[in-house]
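The values are calculated or read from the model by the stated rules, or taken from the named source; none is laboratory data. Being a predicted model, the structure only gives us computed values, none of them experimental. Cβ placement follows ideal geometry from the backbone for every residue including glycine, while neighbour counts extend to all protein chains displayed.
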Ligand code: DGL
């Protein structure tokens, strides 16, 4: 007698990708909320950052990575990158209409709900802030609330995180340049609209304590994304039923050693990592 297909599908992995290591800030919540899921993480570090690249390039990268992850058996995709979500989630859903595809977007709504000064700073890449998807989100939230959003493109910040410089003078200088003016204009809530930025959250909090006239809250949507993934897996009957811890495998278009070090430093995890070369067609 053959095994039923739904049973098999549930044990398949969830594919998670980002331009680089930023998606680890989402992956850590997935590991907590869905510990028995098998996971594939794809870091496109050889092509990072996405933030200043043309939209078509990001769409092509996202479709190529999705195809690769599906070929590895992925039963669902998490686009753990605001920039890639803004540019390509529509194209991904059109190409794979029956596949659960979960994206990330800046948490304007939760930020608007908690801001007391009614001024919210949004830190993201240039590509995210100039996207149609972000414009629509901002218009929708602005129509329902009296909050003013102060937008700040953080050129170079994802690169610093990618290099592992979470607290270096150059990183602190960038943060000072991008964040201080928002705080001085009265923002009491900062939205981390790029998945790389939660890794510099401690540095942002230190800065805010020094320069903000008001207490500051920081909004990161990583946990909300993990919960949304759980709901999508349930909806499609794809949640893994076994209680054991799932297996994590990782892929990178950059350096294996660097990704291994990053997993160790940021998440204390040691997945098997495969380097992907562009000759493979991705
Ligand atoms: N981590 C990505 C995001 O959430 C983008 C960083 C980049 O590659 O520019 O937007």
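For the stretch 129-141, give me the residue count where each residue is in contact with a strand residue (DSSP E or B) (Cβ under 7 Å, 6 or more places away or on another chain) and without any contact (Cβ under 8 Å) to a residue 24 or more places away in the chain. It would help to see each step written out before you state the result.
Applying the first criterion (in contact with a strand residue (DSSP E or B) (Cβ under 7 Å, 6 or more places away or on another chain)) to the stretch 129-141 yields 129, 138.
Next cut, without any contact (Cβ under 8 Å) to a residue 24 or more places away in the chain only: none.
Result for the stretch 129-141: 0.
When the residues of the stretch 97-128 are filtered to those that are more than 26 Å from residue 30 (Cβ to Cβ) and either without any contact (Cβ under 8 Å) to a residue 24 or more places away in the chain or within 19 Å of the chain's Cα centre (by Cα) (or both), the one that is farthest from the ligand (Cβ to nearest atom) is 121.
Farther than 26 Å from residue 49 by Cβ and within 16 Å of the chain's Cα centre (by Cα): which single residue out of 240, 227, 209, 231 fits that description?
Unique residue meeting the criteria: 227.
Quick check on residue 82: is it under 26 Å from residue 257 (Cα atoms) and more than 16 Å from the ligand (Cβ to nearest atom)? Against the criterion (under 26 Å from residue 257 (Cα atoms) and more than 16 Å from the ligand (Cβ to nearest atom)), residue 82 does not qualify. For the stretch 233-276, taking the residues that are free of Cβ contacts under 8 Å to residues at least 40 places away in the same chain and out of contact with any helix residue (DSSP H, G or I) (no Cβ under 7 Å at 6 or more places or on another chain), the one that is nearest to residue 66 (Cα to Cα) is identified as 274.
Residues in the stretch 155-170 that are without any contact (Cβ under 8 Å) to a residue 60 or more places away in the chain and surrounded by 20 or more Cβ atoms within 10 Å (Cβ to Cβ) were compared, and the one that is farthest from residue 208 (Cα to Cα) is 160.
The set of residues from the stretch 235-257 being within 17 Å of residue 43 (Cα to Cα) and surrounded by 18 or more Cβ atoms within 10 Å (Cβ to Cβ) comprises 248, 250, 251, 252, 253, 254. Considering each residue of the stretch 130-152 in turn, none proves to be surrounded by 18 or more Cβ atoms within 10 Å (Cβ to Cβ) and closer than 17 Å to residue 222 by Cβ.
For residue 174, are the conditions met, namely being within 18 Å of the chain's Cα centre (by Cα), surrounded by 14 or more Cβ atoms within 10 Å (Cβ to Cβ), at pLDDT 95 or above and outside any strand (DSSP E or B)?
In short, no.
It is to be established whether one or more residues within the stretch 72-79 are within 24 Å of residue 138 (Cα to Cα), within 16 Å of the ligand (Cβ to nearest atom) and buried (at least 18 other Cβ atoms within 10 Å of the Cβ). For the stretch 72-79, residues within 24 Å of residue 138 (Cα to Cα), within 16 Å of the ligand (Cβ to nearest atom) and buried (at least 18 other Cβ atoms within 10 Å of the Cβ): present.
Return the residues of the stretch 264-280 that are part of a strand (DSSP E or B) and under 16 Å from residue 44 (Cβ atoms); say none if nothing qualifies.
Listed by number, the residues that qualify are 273, 274, 275.
Give the residue that is nearest to the chain's Cα centre (by Cα), with candidates limited to residues of the stretch 21-43 that are more than 13 Å from the ligand (Cβ to nearest atom) and assigned to a loop (DSSP other than H, G, I, E, B). Top of the filtered list is 34.
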